[in-house]
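K.L.:
Mind looking over this structure? Questions follow.
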Amino acid sequence: MGVKQENGDPENILPPIEQELSHELDTKVKKYLRGEGANLEVLKDKKLKGQLSVREDLYGISAKAAAKAEKWLMPSKGGYLEAEGIEKTWRIKQDAINREVDISSAKNQYDIVLPDFGPYTLDFTSSGRYMAAAGRKGHLAVVDMKNMSLIKEMQVRETVRDILFLHNELFFAAAQKKYPYIYNRDGVELHCLKEHGAVTRLQFLKNHFLLVSINKFGQLRYQDVTMGEMISNFRTGLGRTDVMLANPFNGVVALGHSGGTVSMWKPTSAVPLVKMLCHPGPITAMAFHPNGNLMATSGKEKKIKIWDLRKFEVLQNIPGHAKTLDFSQKGLLAAGTGSYVQILGDFSGSRIYSRYMGHSIVKGYQIGKVAFRPYEDVLGIGHSMGWSSILIPGSGEPNFDTWLANPFETSKQRREKEIHSLLDKLPPETIMLDPSKIGTVKSAKKKDKPTKEEKEAEMEAVVEAAKGTAIRKKTKGKNKPSKIAVKKKKIVERAKRPFLEKQMEEENVAKKKQKISEEISLPTALQRFARKKATA
């Protein structure tokens, strides 16, 4: 059964579904058209009329192509849980979500119980296709998350503190009891990095191919994994830390210390770029927003703080404790502590986070790591008895760019991407707080003020030049030696005057500054004893 179109042409009879699609495309085409078409009937010049009609046809074809690309190449739209009436989104359980979603999404909700090897920590590749899991008691596993197949698992028989993928899923690094090790996808040990020592946390800067580690003595090391060169080695001087994270926007590595401070480092500076006091007690967790402008920190005093890194000021204080924090691609914040995970979201765009979802795992399980899976509405939870996966609607980016991360890439595409990323590798000098400064012209430096000796030398040179000036001979009685000496003295004084005036101005400015600082430095109780200005 078909529906006949308005023009009545029997050739244009379409089924109802196709007619609906054509109407949808027509509305999208209007969005991409460049205004109303020109009225070509009033033109008398046939050549101009033909040229303009061809141009109008091209505009229509390009608008139709753009509408089709929007319709078919970007099919997914991001969304969140929406409550009706007095219903609250954080009261919706995972079972209720599981009943409503499709089969492929329901597969992402599971629990893996391995009580003999926990607690577990997790890491995902940039495409979200693969996951690496590490148990504290030596269990390492790499899992393909698309078809839920185990690629490789092994037992290293020693403590494992952290795990992460390098530039792709073929290599991963594990921070073991004495040294960090690099393994390939088949579980073959490639490198033992003895220079790093007993590492507590690892990070990888994929644009710079740098492996960053912090050991239990507070030493921060950067190593280039392409050439094996140790780029830098710093002593932080702030003791042992278990909190380290790299800012995805600029590559700056942040450390959270037991004194409540966060220090930010780059490989070309032996001192921290920024050192800010975030909490009165030890920092337990830290996370960076994907745009690099927001940072979330958690302290022992049971407060989560949201920071604006452009102004280094607190935007929001959220009551609650978090042992682990993570931001999703769409800006949702997951905070895990004990056996409960809380999801916070900024839905108003004002960077004020409110409660969005919550999930309780089995009582007694202790959460050690939460990590959002890229390009999926999934949150991975590593805990003391294994790891779990729950659904968080709206957390992942719905449309992926194959140039950045392709969950379905072939081995040929992976090789090409690896070569391109090696050719585009950034040097360590490009890591800075504001990477937008790269490529700009450096502003000219202000001229340094001359020293006292230089000023005196300049004045002496001017005085010597003034003394050597020839005095014109005048009429009889006016060329006496005494009168000539007076004239020469006046010339020298005239030459000295600009220097003396400038010196007096500088002294007056210094006196004023000193007075202001004295007034400011006096406490309120003693300001009444300060010297008062004389009134006319």
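The values are calculated or read from the model by the stated rules, or taken from the named source; none is laboratory data. Everything quoted here is computed from the prediction, not taken from an experiment. FYI the Cβ positions are ideal-geometry reconstructions off the backbone, even for glycines, and counts take in every protein chain you see. Protein only, heavy atoms only, side chains kept; ligands, DNA and RNA dropped before computing areas. Shrake-Rupley method; radii C 1.70, N 1.55, O 1.52, S 1.80 Å.
K.L.:
Looking at (1) open to solvent by 50 Å² or more (accessible area, probe 1.4 Å); (2) part of a loop (DSSP other than H, G, I, E, B); (3) in the same structural domain as residue 330 (by TED's automatic domain parsing), can you tell me which one residue 439 breaks?
P.N.:
(3)
K.L.:
How many residues, within the stretch 294-314, are under 19 Å from residue 354 (Cβ atoms) and surrounded by fewer than 16 Cβ atoms within 10 Å (Cβ to Cβ)? Quick ask: steps written out before the conclusion?
P.N.:
Start the filter on the stretch 294-314 by keeping residues that are under 19 Å from residue 354 (Cβ atoms), which leaves 294-298, 302-308, 314.
Those still in the list that are surrounded by fewer than 16 Cβ atoms within 10 Å (Cβ to Cβ) too: 302, 308, 314.
Of the residues in the stretch 294-314, 3 are under 19 Å from residue 354 (Cβ atoms) and surrounded by fewer than 16 Cβ atoms within 10 Å (Cβ to Cβ).
K.L.:
Same structure, new question: Would a scan of the stretch 398-407 turn up a residue that is touching a strand residue (DSSP E or B) at 6+ places or on another chain (Cβ under 9 Å), among the hydrophobic types (A, V, I, L, M, F, W, C) and open to solvent by less than 40 Å² (accessible area, probe 1.4 Å)? Show your work before the answer.
P.N.:
Taking the stretch 398-407 and keeping what is touching a strand residue (DSSP E or B) at 6+ places or on another chain (Cβ under 9 Å), we get none.
No, the stretch 398-407 contains no residue that is touching a strand residue (DSSP E or B) at 6+ places or on another chain (Cβ under 9 Å), among the hydrophobic types (A, V, I, L, M, F, W, C) and open to solvent by less than 40 Å² (accessible area, probe 1.4 Å).
One line per residue, one yes/no per condition, for (1) surrounded by 14 or more Cβ atoms within 10 Å (Cβ to Cβ); (2) assigned to a loop (DSSP other than H, G, I, E, B); (3) not charged (D, E, K, R):
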| site | (1), (2), (3) |
| --- | --- |
| 280 | no, yes, yes |
| 285 | yes, no, yes |
| 290 | yes, yes, yes |
| 334 | yes, no, yes |
| 355 | yes, no, no |
| 358 | yes, no, yes |
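K.L.:
Scan 163, 112 and give me the residue that is of a type in the set (A, V, I, L, M), in a strand (DSSP E or B) and more than 13 Å from residue 388 (Cα to Cα).
P.N.:
163
K.L.:
Of everything in the stretch 58-108 that's of a type in the set (A, V, I, L, M) and not in a helix (DSSP H, G or I), which residue is nearest to residue 376 (Cα to Cα)?
P.N.:
If we take residues in the stretch 58-108 being of a type in the set (A, V, I, L, M) and not in a helix (DSSP H, G or I), then 101 is nearest to residue 376 (Cα to Cα).
K.L.:
Same structure, new question: Can you say whether residue 175 is touching a Ser or Thr at 6+ places or on another chain (Cβ under 6 Å) and not in a loop (DSSP other than H, G, I, E, B), as far as the supplied structure shows?
P.N.:
no
K.L.:
Looking only at strands (runs of 3 or more DSSP E) that lie completely in the stretch 361-424, which have at least 2 residues being more than 19 Å from residue 324 (Cβ to Cβ), in contact with a Ser or Thr (Cβ under 8 Å, 6 or more places away or on another chain) and of a type outside the set (A, V, I, L, M)?
P.N.:
none
K.L.:
Considering (1) crowded, with 20+ Cβ neighbours inside 10 Å; (2) at negative phi, say which one residue 128 fails and leave the rest.
P.N.:
(2)
K.L.:
If only one of 330, 275 is open to solvent by 70 Å² or more (accessible area, probe 1.4 Å) and part of a loop (DSSP other than H, G, I, E, B), which one is it?
P.N.:
Working: 275 fails: part of a loop (DSSP other than H, G, I, E, B).
None of the other options fit; the residue is 330.
K.L.:
Tally time: how many residues in the stretch 176-228 are among the basic types (Lys, Arg) and touching a His at 6+ places or on another chain (Cβ under 6 Å)?
P.N.:
2
K.L.:
Further question: I'd like to verify a number: residues in the stretch 193-245 that are of a type in the set (Lys, Arg) and either in a loop (DSSP other than H, G, I, E, B) or in contact with a helix residue (DSSP H, G or I) (Cβ under 7 Å, 6 or more places away or on another chain) (or both), how many?
P.N.:
4
K.L.:
Considering only the stretch 334-359, state which residues are in contact with a Lys or Arg (Cβ under 9 Å, 6 or more places away or on another chain) and of a type in the set (Ser, Thr, Tyr).
P.N.:
337, 339
K.L.:
Quick check on this structure: which one of 172, 204, 217 is of a type in the set (Phe, Trp, Tyr), closer than 24 Å to residue 265 by Cα and at pLDDT below 95? Even if it seems obvious, please write down each step before you answer.
P.N.:
Details: 172 fails: at pLDDT below 95; 204 fails: at pLDDT below 95.
None of the other options fit; the residue is 217.
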